[in-house]
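A quick write-up on the structure given underneath.
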Amino acid sequence: MTLSSARPVLIAGGGPVGLVAALALARQGLEVQVFEADSSVDETPRAATTHPATLELLANLGLIDGILRQGLIARTFQFWDRRSGRMIAEFDHDTLKHDTRYPFVVQCEQHKLARLAIERLRAMPNASVSLSSRVTSIDLCDDRVQITAETGGRTKVAVGSYLIGADGGRSMVRRALGIAFEGYTFPERFLVLTTPFDFAVERNCSFRSFFSDPDEWANLFKVAGNDGRGLWRVLFPTRPGESDEQVFAEISVQERLQKFFPKRGAYQVVHRNLYRVHQRVAASFRKGRAFLAGDAAHVNNPLGGLGLNCGLHDAVELAGLLSTVVRDAAPATALDRYEQRRRPINIEYVQQQTIANKKRLEEKDECARAREFNLLRSTAADPDKHRVFLLRTSLLESMRRKQLPVW
Ligand SMILES: Cc1cc2nc3c(=O)[nH]c(=O)nc-3n(C[C@H](O)[C@H](O)[C@H](O)COP(=O)(O)OP(=O)(O)OC[C@H]3O[C@@H](n4cnc5c(N)ncnc54)[C@H](O)[C@@H]3O)c2cc1C
C-alpha cells in the first residue's frame, strides 16, 4: 500500500545510510525521494564489517542474500601483540548462536550495499533516487520541509513531510540546522593499504585482526573485492609530521608493509587511501521536521567497524518511527524518541568502544599492555564472558535495548 496522500520523506545523501532509510520507508508504503550529490556510488575503501545486529536488520529489508553473496563470512576476530608476533586472543561469533540468526560478521564493502539498495528502490513506484543532485538549502516550516537541489546546472525545489540528513560527516543539513558537531579530531591520519597478499595463508590471520604496538599499531581485514577473489586492507596510523607525499611514496608503503610482515619481493598494492579521523557526535539529532542519521549525526574511528553499522540502525529505527507517525498510529511526539535513544546509544556503544579499541592498540605503558592482554585472554577463555563481550562488540546488546516499548 502506498500512502500517496502524504508528502514524501526527503533524504539528503544517497550513501548507505540514506539509501537504507529510503528502502525501509518505501517498504512501509511511504513516498520517498533521495538526493545524492555524486553521479555514481562511491567505491573508495571504507566500511566492510557488517555485524550480526545489522545483518538482522538487512534481512528484514530483503537484502541479506545479496550481502551474503557479495561478502565474506568472518566468524572470528583476533588480537595480536605486534611486537612479539604472538596472538593474544581469538573471539568466535559462533558463541552467539543462541542469540542471533547470524552468528558471524559479513565483510561486505559499503558500495555493494548501496548498489543493492538503489536496485531495490528503482523498482519501487513510491521511491526515487536522483544522482548528481546536491541539496543546497533547507526551509523548515511547521507543516512541511522544503529543500533546493542543484541538478546538472538546474535548480529543483522539493517539498516533503520530513527531511533526513544522511549527507555524511561534513553534512550540509547539520550545518544548515545550526547543530554543533561536538568532539575532536585525531592528529594522526589513518592510512589504508590494500593488497591481494594472503595474510590468512601466510600468517594465520583471521579476516579481522587487531595488532597492538606502542610504536605502530595496525588493523588488518579482508574484503571480497569486486571479483570475489579477496583483498586485504592494512590500516596504520601516520607518524607525526608525515606529509601525504611521504605516506604515499612507494618506498614508504613497501617499508611499512615489510615491517608489518616481511616477505620476499615487493607487496602488490592496489589502493592507498588516507583518512582524517574524528570522534564527534551532533549536539542534537533533530530540529523540527529534519533529522540527522549516520555520519551526519556521528563519526568515530573505524577500529571495530561500528560507524556505518550504527548509522544503519539509526536509519531503520527512524524509518519505523516516521512511518508510524505518518500513518497516525502514534502521535508526532513519538518522534522525540529518535534522538532520546539513538544519541546515547551512539555514545555508549560506538564512541566508547572505538575510543577503547584505539587505546588498546596504541597503549605505550608496558604494565597497562600486559593487563589488557590478560583481560583479553581471560575474557576469551570464559564462555560467559566471551558471549557478553561479543554481544557488545556486535551491537546486539544495543539492539536488544531497542526492543523496549517506544511510547
Ligand atoms: C577506512 C574506513 C573504514 C571504515 N570501516 C567501517 C566498518 O568496517 N564498519 C562500519 O560500520 N563503519 C566503517 N567506517 C565508517 C563508514 O564508512 C561510515 O560510517 C559510512 O560511510 C557512513 O555512511 P553515511 O551514508 O552516513 O555517509 P556517507 O557514506 O559519507 O554518505 C553520504 C552521502 O551524502 C552525499 N552528500 C553529501 N553532501 C550532500 C548534499 N549536500 N546533497 C546531497 N548529497 C550529499 C555524499 O556524496 C555521500 O554519498 C569506516 C570508515 C573509514 C574511513
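The values are calculated or read from the model by the stated rules, or taken from the named source; none is laboratory data. A quick note: this is a predicted structure, and the numbers were derived from the prediction, not measured. Please note: Cβ atoms are built from the backbone with ideal geometry, for glycine as well, and neighbour counts cover all protein chains shown.
A compact table of results
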quantity: Residue that is surrounded by the most Cβ atoms within 10 Å (Cβ to Cβ) [pool: residues in the range 156-196 that are assigned to a strand (DSSP E or B) and acidic (Asp, Glu)]; calculated: Glu188
quantity: Failed criterion for Ala59 (all others in (1) more than 29 Å from Arg174 (Cβ to Cβ); (2) in contact with a strand residue (DSSP E or B) (Cβ under 9 Å, 6 or more places away or on another chain); (3) aliphatic (A, V, I, L, M) hold); calculated: (2)
quantity: Tabulated pairs, the range 364-385, first surrounded by 12 or more Cβ atoms within 10 Å (Cβ to Cβ), second at pLDDT 95 or above and of a type in the set (S, T, N, Q), C-beta under 7 angstrom, 6+ apart or interchain; calculated: Arg369/Ser212; Lys385/Thr379
quantity: Some residue of the range 219-226 being within 27 Å of Arg75 (Cα to Cα) and surrounded by fewer than 19 Cβ atoms within 10 Å (Cβ to Cβ); calculated: yes
quantity: Lone qualifier among Ile64, Ile73 - being under 26 Å from Leu231 (Cβ atoms), more than 16 Å from the ligand (Cβ to nearest atom) and of a type in the set (A, V, I, L, M, F, W, C); calculated: Ile64
quantity: Helices (runs of 4 or more DSSP H) contained entirely in the range 16-88, each with at least 2 residues that are buried (at least 23 other Cβ atoms within 10 Å of the Cβ); calculated: 16-27, 52-60
quantity: Breaking point among (1) near the ligand (Cβ under 10 Å from one of its atoms); (2) within 30 Å of Leu390 (Cβ to Cβ); (3) out of contact with any Lys or Arg (no Cβ under 7 Å at 6 or more places or on another chain), for Val106; calculated: (1)
quantity: Residue match in the range 342-351 (condition: more than 8 Å from the ligand (Cβ to nearest atom), within 27 Å of Ile64 (Cα to Cα), at pLDDT 95 or above and outside any helix (DSSP H, G or I)); calculated: no
quantity: Entirely in the range 197-240, the strands (runs of 3 or more DSSP E) that have 1 or more residues that are closer than 14 Å to Gln258 by Cα; calculated: 218-223, 231-237
quantity: Any hit, the range 353-372, residues being part of a helix (DSSP H, G or I), β-branched (Val, Ile, Thr), closer than 25 Å to His111 by Cα and in contact with a helix residue (DSSP H, G or I) (Cβ under 6 Å, 6 or more places away or on another chain); calculated: no
quantity: Of all residues in the range 282-335 being assigned to a helix (DSSP H, G or I) and free of Cβ contacts under 8 Å to residues at least 12 places away in the same chain, the one that is surrounded by the fewest Cβ atoms within 10 Å (Cβ to Cβ); calculated: Ala332
quantity: Members of the range 89-106 found to be part of a strand (DSSP E or B) and either crowded, with 22+ Cβ neighbours inside 10 Å or hydrophobic (A, V, I, L, M, F, W, C) (or both), listed by number; calculated: Ala89, Phe91, Val105, Val106
